[in-house]
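What follows is a short report on a single structure.
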Amino acid sequence: MKREKRIFGVIAALVLVFFLVVLYRIYGIQILRHEELDRYSSASEIVKTVKARRGAIYDRNGEVLAISEPRVDLAVDPNGIRDKKGIAAIVAKAAGIDEQKVLRTLERKGNFRYLKKDVAYETVRQIQETREKALGRLRELERRRGEAGSDENDRKRLAQLVADLNYVIFVDGFKRIYPQGKLLANVLGWVSQHDGEGLGGLEMSLNKHLSGGELKIRRLYIPGSGEGALEIDKEVGGQQAGDLYLTIDAAIQAIVEEELDRMVEKTKAKWGGVVVMDPASGRLLAMANNPSFHPEDYRHYPLEKRRNHTVADLFEPGSTMKIFSILAAMNENLVRPGELFDGHHGAFRFGGRTIHDTHGKGLMTLEEVVVHSSNIGTVQIVDRLASEKLYDYFGLFGFGKRSGLQLPGESARDLRHYKKWYPIDKANLSFGQGLSVNMVQMVRALAVLYNGGVLWQPTIIDRVIDPVGGRLLYETVPSLTRLEFRYNVDKKMIGMMDTVVSKGTALQAALKGVKVGGKTGTSQKYDPQKRKYSWDEVVCSFIGAVPSDNPKLVMMVVIDEPQGKEYGGTVAAPVFREIAKRTLPLFGVYVEKEAKEIAPIPELAVEEASAPIEGSLEGKEATPVDVVTVPAIEGAAVSRAVYTANQAGLDVVVSGPASGIVRRQAPASGTVVPYGTSVLIESEEEKGEAEPAGEEE
Amino acid sequence: MPRSVKFYFGLFFLLVMFGMVMVFNIKVFVVSRPDAQVFSILRGQILNLCFAGIGFVAAYLMNVEVVRSWIKYLLLFIILLLLATFVIGTEVNGSTRWINLHFMMLQPSEFAKLVVIFYLAEVICNKRERMGIFQELIYPFGLVSAIVVVIAVEDLGTALIIFATAITLLLMGGMRFKYFAALIALSLLVVTILILMKPYRLERIKVWRDPWKYKQAQGYQQVQSEIALGRGGPTGVGFGNSQRKLRYLPEASTDFIFAIVGEEFGFVGATALVAAFMTLFVMGVYFALSRGDPFALYLSSGIVLLLGIQAAINLGVVTSTLPNKGVPLPFISYGGSSLLSSCLMIGFLLNVVVTDSRSQYQ
């Protein structure tokens, strides 16, 4: 058997040598030609920079309030396409648009024209598949080129089709989706449909975090088979956008909006707003406006409906302010329990003017002053307090200080310094006139009473988180200042406010089984033409806390200009009650069902006065709080408009490019608003020629 | 059982398992909707592995004498199957090599390899010294050539491997070298005629010499294979990170699987795999050369040589050392018939090695 083994050995050795040759070849390809060949593989990848997907907005439980989803826009390069009719037919069929319209676009000049925005995935797939199929057949024909039966015209037609389809462009982008519809819209704001940047609300003020930076994407193109080409994206660097978590609770917000909408519709009010805060932390749980808008098609809503009035509107707090001024006097031990105050039967001379109460009384206890909201009583109490002290206390309750919420267009006005007060000013301020506040400031002040003296900086933004790494990008660290309550004055005041609800003007806010404390307010609006307060237009409000012995919620309800003769106790207090009734179970607080209808409002409840000082309009400080008529700034350049508005004493929030011109403004020109109110303007880039030089001052 | 057999089996088993992992790795990323098809891929692979395992165990335990006595019927059966593919065959990628058995795609040419080796070993052992006589040679040579021609119609690569193995066995069995030389001359003549008949066939050679010139057409596969290998570089891009398996390289899970191994594991991994094949081959050759029984010698030589040539051709094609004629890489490439046939061969190889060495030492 030696011969056969020798032959086998020789053949086997040949095979072995071949293996070695293969190894040498592998060495040549993998080691020596590595860099050269690697370039070919990188050629099928492109590294491109894309805008990061805009961060989502969640409520405090992680419920989605706003999110960005991929969107593809269909565009063409008309200059590159030769067979316009053929391409128009393919594109029109895939995208479901009129063929003639597509053809017209294709026949225009230019390198880039949009055909349709936000096209369906199916459209993209169909067009890409058409191209892939053509390419596949083209390859096949090229392979058979020269062989019998291959059609040169066919090949040219396919090559043309493939080349033309390369000029059909898919533009990747994102669309902003608000899954909860109108919920929290005035707070969330809206983003531009054009470039996806935030233009209002939180979307604007936190745009820096939400829009993120540019992402580096490595896109691998995979040649198609039957299913069409694939593209695989891999992120290789860049800055992700942050996800925003709010302190708002969507469940509470939904209840609040529902109840508010109901009342605003019922009373045909001009506007209504609710702010709900957790007094223990200063976190805002709900912030509602009516009218509102749908952020996804913000363009169809007037600017006025998109404002967040709860922070942008200033108003005179009126009677509700008495809580704080009386509390200040009590805390300084200037009022003794059981002390009686003379009501002077409804007219009292003070500081050269006459102060009125609608329902004149004789002697009143401290509690009666509060429950009956007596101006005369309040003035006498506060008069014992030095102006400086009153000024300091107002500061400790946060009046005159911005709430610090990161919402655009918060209006706020400084308190006039006590050294500049006239004697009557102290009286004015003590019952809430001559100063302007926004709703958040009021709620924050009331929370001080209910949490034992802590003035929170209110928060609506909890944190911003990098969705990929989980890294904390931003966190609100609430700052606080403390007011020390002495002699249990806060408990006493809370008790008095409970009486307001159980016996006073706010009977409609009462709940069975849960203690409610609060204060109503009904302010007449100042009519600058008639130079007097008018009863035709009133602002009804209620501010309160529930349960008042262990407060979970501090809330303010404002109903602006309800139709008919309405008061804080008739329109705002019921909204408070309904909201409390439905949200308290979420905090584990049991609310008993009401057995019967609420008792009709006694005459007492209809006591409210907002023009307590007669003749004050003729004096030097003719208007209790400075008001401003909003100038007409529509059509002006933004810089010009801002200047004009600032000169008039208004703040401005610009939604849109700062270099453009003002398209819309809210409030409208001619509206009378308190000094310091912020005006929202929507600007657009001026089309056509550039702005003439020297336009700006 | 000798230690070398255990080592041989271990290495073989490792390669089969490596193949399973690689094939899954490639197939999963090639499908367009992975979640829907992963299960069916996995099921197919497990089924293939089961058949291969059963085949290996059966071949290892079977009495070779029984197969020897049936060889004529087996030969007839395989010829019928090969002919049947022309009638009831299923076309895959343009060639009709398979019969759909519904639980697997049967590729008769894969099994023809083993049958031919068995047949030649049997014939040579029967005829012994008479193999030198032309008339004795003509019948088995003609039969094998007929089988090779039938296979060549759809699967030229496999046909060539069988033919090369058969010629080697015949040479060992006593075929005169002048016939061998005449055969070579005849082959060259046939090739020349074929090229003269259709000149474009010459292009195949041109493509092989410079695939980059034809990279969008005939050279596409080889160019993609080179890019994949080249991308791997010294240490590779890492398991699962192949880019070229993503529809770039056709036949990534079958004939060109080695390119993906090279891409993912680099020169180090590719060399290790080639070294593993070389080890199996050298050990197989050693096994064959130490056989005392003539049948055991021819059978083991045939099996070792066939698998060695197949692996060498596959690697040669992937590295563009040879013109593109696809054959699967034994043990590694995807394909139920290919895996089953390879495992049967290894089973029979180890069977005769163990049986023969036992009788040698007794």
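The values are calculated or read from the model by the stated rules, or taken from the named source; none is laboratory data. As the structure is a prediction and not an experimental result, all values here were calculated from the model. We place every Cβ from the backbone using ideal geometry, glycine too, and count neighbours over all the protein chains shown. Keep in mind that these areas ignore ligands, DNA and RNA; they rest on the heavy atoms of the full protein, side chains included. Shrake-Rupley method; radii C 1.70, N 1.55, O 1.52, S 1.80 Å.
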task = Pull up the DSSP beta bridges for the stretch A:627-684 and report the antiparallel fraction as a percent, rounded to 5.
result = 65
task = Find the accessible area per residue for chain B; the probe is 1.4 Å, ligands and nucleic acids are left out, and the unit is Å².
result = 43
request  = Using a 1.4 angstrom probe on heavy atoms only, work out the carbon and sulfur share of the accessible area of chain A in %.
outcome  = 50
query = Between their Cα atoms, which of A:LYS182/A:LYS593; A:LYS322/A:LYS552; A:LYS93/A:LYS116; A:LYS84/A:LYS156 are more than 19 Å away from each other?
reply = A:LYS182/A:LYS593; A:LYS322/A:LYS552
Charge sum, other residues only, whose C-beta stays under 13 Å from A:GLU410's C-beta, Lys/Arg counted +1 and Asp/Glu -1 = +3
query = Which percent, to the nearest 5, of DSSP beta bridges fully inside the protein assembly as shown are antiparallel?
reply = 95
note = Here the FRET efficiency for B:TRP70 versus A:ARG39, based on Cβ atoms and R0 = 41 Å and rounded to 0.05, is 0.10
remark   = Test assert for the stretch B:231-249: residues whose accessible surface shrinks by at least 40 Å² between chain alone and all chains, 1.4 Å probe, equal B:ARG231, B:GLN243, B:LEU246, B:ARG247, B:TYR248
key: Qualifying chymotrypsin sites (Phe, Trp or Tyr not before Pro) in the stretch B:238-344, DSSP loop, other Cβ atoms within 10 Å at most 15   = B:PHE239
inquiry  = At 222 nm, what value in deg cm²/dmol follows for the protein assembly as shown if DSSP H runs of at least 4 each add -39500 (n - 2.57) and the sum is divided by all its residues, to the nearest 500?
reply    = -15500 deg cm²/dmol
ask   = With each label point set 7 Å from Cα along the Cα-Cβ vector, what nm distance links B:TYR139 and A:ALA632?
value = 11.7
inquiry  = Skipping prolines and chain starts, which residues have an amide H placed within reach, meaning under 5 Å, of the one on A:VAL454, given they are 5 or more residues away or on another chain?
reply    = A:LEU483
Dimensionless Rg over Rh [chain B; C-alpha; Kirkwood] = 0.96
remark   = Flagged as over-length at 29 Å C-alpha distance, from A:LYS401/A:LYS492; A:LYS389/A:LYS503; A:LYS175/A:LYS305; A:LYS426/A:LYS491; A:LYS5/B:LYS178, the pairs are A:LYS389/A:LYS503
note = tail above 39 Å in the computed P(r) of chain A, as % of all Cα-Cα pairs, reads 48
message = What does the extension gain come out to for A:LYS270 and A:PHE170, with contour length at 0.36 nm per residue minus their alpha carbon separation?
response = 31.5 nm
inquiry  = Cβ neighbours within 10 Å, averaged per peptide: list A:386-398, B:59-71 in order, most packed at the top.
reply    = A:386-398, B:59-71
query = What's the local net charge at B:SER357, with K and R +1, D and E -1, over the other residues with C-beta under 14 Å away?
reply = +2
query = Can you give the net charge of the other residues whose Cβ lies under 15 Å from the Cβ of B:THR158, counting K and R as +1 and D and E as -1?
reply = -2
query = Using a ≥ b ≥ c from the Cα gyration tensor of the stretch A:295-395 (square roots of the eigenvalues), is it rounded, prolate or oblate, where a/c under 1.5 gives rounded and otherwise the larger of a/b and b/c decides, a/b for prolate?
reply = prolate
Mean accessible surface per residue for the stretch A:335-379, computed with a 1.4 Å probe while every protein chain stays in place, in Å² = 44
inquiry  = Below 8 Å, C-alpha to C-alpha, sequence gap of six or more: please give me the relative contact order for chain B in percent.
reply    = 26
request  = Leaving out ligands and nucleic acids, note down the accessible area per residue over the stretch A:627-684 with a 1.4 angstrom probe, in whole Å².
outcome  = 38
query = Nearest-5 percent of antiparallel DSSP beta bridges in the stretch A:44-246?
reply = 95
query = From the square roots a ≥ b ≥ c of the eigenvalues of the alpha-carbon gyration tensor of the stretch A:627-684, which class results: rounded (a/c under 1.5), prolate (a/b over b/c), or oblate?
reply = prolate
Solvent-accessible area, 1.4 Å probe, carbon plus sulfur percent, for chain B = 69
query = In whole Hz, what ³J(HN,Hα) sequence does the stretch A:666-683 give by Karplus (6.51, -1.76, 1.60; θ = phi - 60°), x for Gly and Pro?
reply = 9, x, 5, 5, x, 5, 9, 10, x, 4, x, 5, 9, 9, 9, 10, 9, 10
note = Length gained, A:ALA159-A:LYS565, 0.36 nm per residue minus C-alpha separation, equals 138.3 nm
message = Quick check: the angle from helix A:250-267's long axis to the longest principal axis of chain A, C-alpha only, nearest 10 degrees?
response = 60
request  = Treat each spin label as a single point 7 Å out from the Cα along the C-beta direction, and report the A:THR499 to B:MET197 distance in nm.
outcome  = 11.8
message = Helix B:336-361 against the longest principal axis of chain B: what's the angle in degrees, Cα atoms only, rounded to the nearest 10?
response = 40
query = Can you give the angle from 0 to 90° between the axis of helix A:121-143 and the longest principal axis of chain A, with both taken from C-alpha atoms, to the nearest 10?
reply = 10
key: Sorted peptide list for A:86-96, B:2-12, criterion being average Cβ within 10 angstrom, highest first   = A:86-96, B:2-12
ask   = How many square angstrom of accessible surface are buried between B and A, both sides summed, with a 1.4 Å probe and rounding to 100?
value = 4400
query = Which of B:VAL123, B:VAL153, B:VAL317 moves the most in a Gaussian network model of chain B with Cα springs under 10 Å?
reply = B:VAL153
inquiry  = How would the stretch A:44-246 be classified by its alpha-carbon gyration tensor: rounded, prolate or oblate, with rounded meaning a/c under 1.5 and the a/b versus b/c comparison settling the rest?
reply    = prolate
